[in-house]
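Here the structure is laid out as C-alpha cells; the discussion comes afterwards.
The values are calculated or read from the model by the stated rules, or taken from the named source; none is laboratory data. Bear in mind that the values here come from a model prediction, so they are computed numbers and not experimental data. A quick note on method: Cβ atoms are made from the backbone with ideal geometry, for glycine too, and the neighbour counts reach across all protein chains shown. Note: areas computed on protein heavy atoms with side chains; ligands, DNA, RNA excluded. Shrake-Rupley method; radii C 1.70, N 1.55, O 1.52, S 1.80 Å.
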Amino acid sequence: MSLLVVGVSHRSAPVSVLERAALSADAQAKLLQDTLAAEPAAEAATLATCNRIELYADVDKFHAGVAELSTLLAQHCGVGLEELTPYLYVHYEDRAVHHLFSVACGLDSMVVGEGQILGQIKDALALGQELHTAGRLLNDLFQQALRVGKRAHSETGIDRAGQSVVTFGLEQLAGGADVAGWARGKRALVIGAGSMSSLAAATLARAGAGEIVVANRTQARAERLAEILGGAGVTASAVPMDAVDGELARADLVVSCTGATGLVLTAESVARALGEEFTPAEPAAEPVPDVPADATAATAAARAVDALEQHGAWAGTAGSAAPRPVRRLAAGPADGGVPPRLALLDLAMPRDIDAAVHRISGARLVDIESLADASADAPMAADVDAVRTIVSDEVAAFGAAQRAAHITPTVVALRTMAAGVVAGEIARLDGRLPDLDDKERAEISQTVRRVVDKLLHAPTVRVKQLASEPGGAGYADALRELFDLDPLTVAAVSRADLTDLSNTDVKNRGRA
C-alpha cells in the first residue's frame, strides 16, 4: 500500500483561499482522470466539500507523487501552486488512512461529530467507481471509512457533541438563545434548493418558522421544496431569483447556500432592504508574492515537497488549525445588545453573501469564517476520545488486512504450482502403473493431495500472519524466491482479482 493524500481544508487555510479553491463536479471528474494519467498514480479519488478538497491516490513514488498531486490540485481548483502550497497538507500510508477515518467520524469537521460527511464520502467513492479511477485500495479504504464513521456514531455519543452545520449556524445567529424559540414565527428566506438549503428549510420548519420563502435559479426545484414544506404543515412559497431583493425587505431571517461563483447578496442590497446607508470600505493593498520569473508549476511543486512533508505532520495534529482573527458578530439578545432586524446565515463556498454585511448595524451575518471561529472555541465532548480510540483500532486493522491481502496472490500462485506438481506426478504414475483401477487411482491421488496440503498449510497460514504485521511486506518476496514462483503467475492472479473487483463495483455501485 502506498496511499497518499494531498489536501487543503478549513484547518489549514483561511476561508478566502478555500472559497477560490472550490471544485465543480466537472472539475472533480477531470482531476481524477488527469491524476490517473499521471505517472506516479495507479488509483485516484477526490473528496470535495465546502470545507475541504482532498486528492487520494495510490502512488509508487512518494516525492514524485506529492509534486504531481499538488500541481494537479492547483491546476484544477483554480488557485496558483505558489499560493496554495503553504496551505496544503500531506499524509502517507497509515497516516493517510487515519486522516480519512477521522474525517468520516466527524473529528476533522468544522462542527465536530457532524454526520453529513458520510454522504460526501459515499459520493466520492461512487464517482471513483463510475470513472474507474478507484481500484482495490481506494475501494477498500472508502468502504471501510464509511463503516468506521457509522460505528463511531452508533457506539459513542459523538452525535451529542456534533450537529449539522445548519444547526450550528442557527445557534450562532440566535446568540445563545434556544433556536426553536428564536426562530418561532419568523419569516425566513431560503436561497438555493440543494441539499444544504433543503436541510436548512427543514430545520427552520421544525423550529417553528412562521413562513418560508424559497428562491432558486431553477424555479421548478424551488417549487418542489416549497411543496414538500407545505406538505409538512409549513406556510411556504417559491419565488424566482430576481425577486430576492423584494423578499429581503420582508424577511427576518435569510439562509443562503447556492453554487453561484459570485455574490448572491451584496452589502448594498442588504442595507437597502433595511433602509440604511452603506459606504464601501477602501480596499486594502495586498502584498505581491516574490516569485522568480522563471519559476514553473513543476519546479515549484518539486521545491515544495519537503515543506509539505513537514506541513503534513503539523496538519495531522489535533487542534492544529492556524490561528484566525476572531470576528466580533453584531450584538444579539444573549449579548444584551439590540436584536438585529435581519439575521443572515451564509453556508456557501464560495460565499453567497458579501462579508461587508458585518458592517451593517441592523444585520447579523454568520458565514463559514464565523463558524470556523466559533467552532474553534466549542468545548469537546468526552465521547471524542472514544471515537479517537475507534479510529486508531480501525487503522491498525485496515493496515493488517491490506498487508495480508498483498501476499494472497503469492500464496495462490504457490498452491497452483503445488496442484500442478501433484497432477504431473499422478499422470506419471498412470503411465507406470496402467493396471490401477479407478478406486485405487482416486485413493492415491487423494493421499498425495492431502500430503501436499498438510505440508503447505502451516507455512501459508504463518506467512499470512507475519505479512499482516508492520514490516511484513517482504514475506511475499521471500516466498516467491524460496519456491521459485513465476512472477507472471503471481501477476496473473492479481489481475484476476482486480477483474473480479471491477465486476463487483459495477453491480454494487452506489451501495457504499
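Structure notes:
- Residue check for residue 225: among the hydrophobic types (A, V, I, L, M, F, W, C), free of Cβ contacts under 8 Å to residues at least 40 places away in the same chain, open to solvent by less than 30 Å² (accessible area, probe 1.4 Å) and farther than 30 Å from residue 393 by Cβ: yes
- Among the helices (runs of 4 or more DSSP H) confined to segment 426-512, the ones with at least 1 residues that are among the β-branched types (Val, Ile, Thr) and at pLDDT below 75 are located at 438-467, 487-508.
- Residue within segment 199-212 that is open to solvent by less than 20 Å² (accessible area, probe 1.4 Å), farther than 19 Å from residue 265 by Cβ and part of a helix (DSSP H, G or I) present: yes
- Residue within segment 9-17 that is out of contact with any strand residue (DSSP E or B) (no Cβ under 9 Å at 6 or more places or on another chain) and open to solvent by 20 Å² or more (accessible area, probe 1.4 Å) present: yes
- A single member of 64, 38, 27, 22 is in contact (Cβ under 8 Å) with a residue 40 or more places away in the chain, more than 15 Å from the chain's Cα centre (by Cα) and more than 16 Å from residue 121 (Cα to Cα), and it is 27.
- Subset tally (residues that are open to solvent by less than 30 Å² (accessible area, probe 1.4 Å) and within 19 Å of the chain's Cα centre (by Cα)) for segment 162-181: 4
- Filter result (open to solvent by 10 Å² or more (accessible area, probe 1.4 Å) and hydrophobic (A, V, I, L, M, F, W, C)) within segment 138-161: 161
- For segment 244-263, the set of residues classified as open to solvent by 30 Å² or more (accessible area, probe 1.4 Å) and part of a helix (DSSP H, G or I) consists of 245, 246, listed by residue number.
- Any hit, segment 234-242, residues being under 17 Å from residue 203 (Cα atoms), open to solvent by 80 Å² or more (accessible area, probe 1.4 Å) and either in contact with a strand residue (DSSP E or B) (Cβ under 7 Å, 6 or more places away or on another chain) or at pLDDT below 85 (or both): yes
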